[in-house]
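Trainee: Pasting a structure below so you can have a look.
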Amino acid sequence: MTSVGVTVAFALFAMSLVSIVRDPFLGFVAKLAWVVVALILPIVGPILWFAVGKRYPHGPNGGNR
C-alpha cells in the first residue's frame, strides 16, 4: 500500500511541476514558491496548485483571475 501512495504523490508532484513551469503568467519567484510548496507538501501542495494557483482558460470572465 505504501508504494501506491508514493506513486500517487510522485505523479501529482510531476504533473504540478510541469504545469507550474509552463505557466506563462507566473514570474520566477512565484514559480519557485509553488515548486517549494509542492515539494514540502507532497499531496496537498499539488492539489493547492491545481485548485488555487493555476489559471484555467474557461469561466465567465475567461479564467479564475
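Trainee: I want to check the label-to-label distance for residue 19 and residue 31. Put each point 7 Å from Cα in the C-beta direction and report it in nm to one decimal.
Mentor: Result: 1.7 nm between the two label points.
Trainee: Please sort 14-25, 40-51 by packing, taking for each peptide the average over its residues of neighbouring beta carbons within 10 angstrom, highest first.
Mentor: Listed from highest to lowest mean packing, they are 40-51, 14-25.
Trainee: Using r as the Cβ-Cβ distance of residue 40 and residue 2, and R0 as 22 Å, what FRET efficiency do you calculate, to the nearest 0.05?
Mentor: For R0 = 22 Å, the calculated efficiency reads 0.65.
We did not get these values from a lab; they are worked out from the coordinates using the rules stated. Treat the numbers as computed from the prediction; the structure is a model and nothing was measured. Backbone-built Cβ (ideal geometry, glycine too); neighbour counts: all protein chains shown.
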